[in-house]
1. Failed condition for VAL272, given (1) surrounded by fewer than 16 Cβ atoms within 10 Å (Cβ to Cβ); (2) touching a helix residue (DSSP H, G or I) at 6+ places or on another chain (Cβ under 6 Å); (3) in contact (Cβ under 8 Å) with a residue 60 or more places away in the chain, with all others met?
2. Name the one entry in LEU266, LEU310 that is surrounded by fewer than 13 Cβ atoms within 10 Å (Cβ to Cβ) and modelled with pLDDT of 90 or more.
3. What pairs come out if I take residues in the range 30-49 that are on the phi < 0 side of the Ramachandran plot and pair them with residues that are modelled with pLDDT under 75 and among the aromatic types (Phe, Trp, Tyr) whose C-beta lies under 8 Å away, six or more apart or interchain?
4. Within the range 164-187, work out how many residues are in contact with a Pro (Cβ under 7 Å, 6 or more places away or on another chain) and at pLDDT 80 or above.
5. Return the residue satisfying two criteria in turn: it lies in the range 78-122 and is small (Gly, Ala, Ser), under 17 Å from the mean Cα position of the chain (by Cα) and within 24 Å of SER6 (Cα to Cα), and of such residues it is surrounded by the fewest Cβ atoms within 10 Å (Cβ to Cβ).
6. When the residues of the range 1-44 are narrowed to those that are assigned to a helix (DSSP H, G or I) and among the charged types (D, E, K, R), which ends up nearest to MET222 (Cα to Cα)?
7. Across the range 85-128, what is the number of residues that are closer than 14 Å to VAL201 by Cα and in contact (Cβ under 8 Å) with a residue 60 or more places away in the chain?
8. Mind checking which residues of the range 123-160 are surrounded by 12 or more Cβ atoms within 10 Å (Cβ to Cβ), hydrophobic (A, V, I, L, M, F, W, C) and touching a Phe, Trp or Tyr at 6+ places or on another chain (Cβ under 9 Å)?
Amino acid sequence: MNSFRSILTAPLRAFSELKLLGVLLAANLCIALIQSLPVLMPAIGRFGHSLSGQGRPFPSPEAVFDFSKLLAQGGGPFLAGPVVLGIVFSFGLQLVLAGGIVSRLCSPGRFSLASFARDCAAQLGRNLRLLGWALLGLLPVVGLVVLATVLFSRAEKPTLFTLEGQHWALDNPFTFWSLTHLALVVVLFALWRSSFDLARVQLYAEDQRKTRLAAWRALKRMVRSPGALLGYIAVGLLGLAMVMVFARLHAAVQVTSAGKAWLALLVAQLVVIARLGFSLATTAFTVDVYRAMAAPVSLPAPVPAAAPILAPASEANAAEPTHAPADMQTVQPEQRAIGDDAGRS
């Protein structure tokens, strides 16, 4: 597998699925609307449809002050409820859409909403069982991170998780030892996450029902392929950089009018699209890993039988090649075909 090539082609494959990105963006907007309803409904009831007020600048200082008091009156549950609601809906939606996302990235041809929904429903049960094995596999990862943090602390070496607040404000927290510890944490988490993504690809491609075997096989594959693991980390870091760039662009938009408020909302959707696109890119990268893992080993070409020395030329040219014995032929397991990247939305 050419990991460097997949680092470039996986994001291109992900962002070429415009219809799939549109479905995911619409689902994300629905979750955001549900999450904000506990805040929007009291605000609309108090201030109407606009916080600017009649004949006042945008945003109105009086309306913002009154809205702050309204939030304070709600107390902790008023603020914590939308956050918990958004986390629950986002996590549940990710599980529901996982099967359709994998099937789309594995299949050529055009995007079909009906096929996408059918694959989401068909793979939901297996993805739920696989999630249980993934959470179980997360325990040793967390244990190794905690053990490494304790060893660094006893050796009096700083880590980003043990630094005090004033050290972040007055000194440089990024030292050799803190970056080493951070790299260890990133590698362990990427190993767990990439194995989880690769196992989901295997469940769809091979129509496999034993999720435990899929999880174990994916973990062994990623451990034995350090290049694939580093490529997966590179795609994730590239996505993090792009999200930070768009987030910085969103922060630069100063909301001084209703038009700029809508502009800030549109730029915020660019941040969401970048996050969704590179989430698809990591899955597309594991599809490339599976293709390299499932590629059949090519057998050498059969050698023609040697013609008799005294045979005429016509008989020598008519000699047929000998076939390899049946017990030497490799029989590949029947798998669901995964198309190449020729298909585009």
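1. (1)
2. Details: LEU310 fails: modelled with pLDDT of 90 or more.
It is LEU266.
3. Close Cβ pairs satisfying both conditions: PRO38/PHE78; VAL39/PHE78; ALA43/PHE67; ARG46/PHE67; PHE47/PHE67.
4. Initially, the range 164-187 is screened for residues in contact with a Pro (Cβ under 7 Å, 6 or more places away or on another chain), giving 167, 175, 177-178.
Keeping just the survivors that are at pLDDT 80 or above gives 175, 177-178.
Number satisfying all stated conditions: 3.
5. First, the residues of the range 78-122 that are small (Gly, Ala, Ser): 80-81, 86, 90, 92, 98-100, 103, 107, 109, 112, 114-115, 117, 121-122.
Checking which are under 17 Å from the mean Cα position of the chain (by Cα) leaves us with 90, 92, 98-100, 103.
The next check asks that each one be within 24 Å of SER6 (Cα to Cα); those that pass are 98-100, 103.
Numbers: ALA98: 25, GLY99: 24, GLY100: 25, SER103: 21.
Once the filter is applied, the top-ranked residue is SER103.
6. Looking at the filtered set, the residue picked out is ARG5.
7. So the answer is 14.
8. Scanning the range 123-160 gives LEU130, LEU131, TRP133, ALA134, LEU138, VAL141, VAL145, PHE152, LEU160.
The values are calculated or read from the model by the stated rules, or taken from the named source; none is laboratory data. Model, not experiment: these values are computed from the prediction. All Cβ positions, glycine included, derive from the backbone under ideal geometry; neighbour counts span all protein chains shown.
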